[in-house]
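Take a look at the structure set out below.
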Amino acid sequence: SIAGATDTAGRFHIDGVAVGSYVVQLSFGARHVQVGPFEQTGEGVPWRVLVPEGRVLQGRVEPAEPGVRVSWRSGDWAGAPATTTTDTQGVFRFERVPAGVLLVEAESPTGVASARARAGDDVVLRLTAAQLTVTAVDEKHLPVTDYLIILEPLSAGSTRRIPVLSPLGRFEGVVGSGKWRISATAQGFGTSPPQDVELNGPVSVTLQLARAPQVTVVVIDAATRAPIAG
């Protein structure tokens, strides 16, 4: 993708765009819009990008809690999700949200929730807390101290990647409810075999990572066959 910014007249200019068909993604404030496609013919014909008005997406989290991070994302949008936080009544609101089905997610230290909704719906996100404990070990069952947990949703939600740095190779945290596929990867290791879990209460899993095979390369001179340093 190629990025640019509009000037005070709403115009943008991006150099080096090859001939072809493109969509335009606009991000300003908490609003994200994708429009197009537009044809780049190389003749310098300007694109007229009309931004749809959009609608209001609002709802609440239960139990009501202020400061809960709420985001929405769309399958049509490749950028970062739009985010806001709940007010003192646990209510959130997004302006000018595009049409289509959205994934709305809430996350706080006390729980997480997700739902599919459309702009104009009254969305209720019920926070649930399921404690997940992950222990990563190598082939000798010694702890892997620096790794990345990959959580893929099998029910609802979006993929999460959680970096872990622990001398015991252990992660403990609130992930949310539902079905998830869990794996881990680390530098110098491969990716562990995945495990499917259903989080409706405390769950503990152990993930075993195998060390990646070592490859030794010697660079030699083609004529003399002598090793080349540096």
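Remark: pairs (first residue in the range 100-117, of a type in the set (Lys, Arg); second residue crowded, with 19+ Cβ neighbours inside 10 Å; Cβ separation under 9 Å; 6+ apart in sequence or on different chains) = ARG116/LEU102; ARG116/VAL104. Number of residues in the range 118-137 that are touching a Leu at 6+ places or on another chain (Cβ under 6 Å) and modelled with pLDDT of 85 or more equals 1.
Scan the range 110-127 for residues that are over 18 Å from the mean Cα position of the chain (by Cα) and under 15 Å from ARG73 (Cβ atoms) and the total you get is 5. Scanning the range 132-158 for residues that are of a type outside the set (D, E, K, R), under 20 Å from GLN208 (Cα atoms) and not in a loop (DSSP other than H, G, I, E, B) returns LEU132, THR133, VAL134, THR135, ALA136, VAL137, PRO143, TYR147, LEU148, ILE149, ILE150, LEU151.
Scanning the range 113-144 for residues that are among the hydrophobic types (A, V, I, L, M, F, W, C) and open to solvent by 20 Å² or more (accessible area, probe 1.4 Å) returns ALA115, VAL124, LEU127, ALA129, LEU142. Looking at the range 146-153, can you tell me whether even one residue there is open to solvent by 80 Å² or more (accessible area, probe 1.4 Å), over 23 Å from GLY111 (Cα atoms) and at pLDDT 90 or above? Scanning the range 146-153 turns up at least one residue that is open to solvent by 80 Å² or more (accessible area, probe 1.4 Å), over 23 Å from GLY111 (Cα atoms) and at pLDDT 90 or above.
Applying a threshold of 7 Å to beta carbon distances and a minimum spacing of six or more residues, or different chains, the list of pairs starting in the range 169-186 at a residue that is touching a residue at least 12 places away in the same chain (Cβ under 8 Å) and ending at one that is part of a strand (DSSP E or B) and among the charged types (D, E, K, R) reads LYS179/ASP196; LYS179/GLU198; TRP180/GLU152; ARG181/GLU152; ARG181/ASP196; ALA186/ASP146. Out of PRO213, PRO153, one residue alone is more than 27 Å from the chain's Cα centre (by Cα) and not aromatic (Phe, Trp, Tyr). It is PRO213. Restricted to the range 37-109, the set of strands (runs of 3 or more DSSP E) holding at least 3 residues that are surrounded by 14 or more Cβ atoms within 10 Å (Cβ to Cβ) and at pLDDT 90 or above comprises 55-62, 91-97. Being under 30 Å from GLN58 (Cβ atoms) and outside any strand (DSSP E or B) is a property that GLY120 has.
The values are calculated or read from the model by the stated rules, or taken from the named source; none is laboratory data. Quantities reported herein were computed from a predicted structural model and do not represent experimental measurements. Note that we place each Cβ from the backbone using ideal geometry, even for glycine, and neighbour counts take in every protein chain shown. Remember, those area values only see protein heavy atoms, side chains included, never the ligands or the DNA or RNA. Shrake-Rupley method; radii C 1.70, N 1.55, O 1.52, S 1.80 Å.
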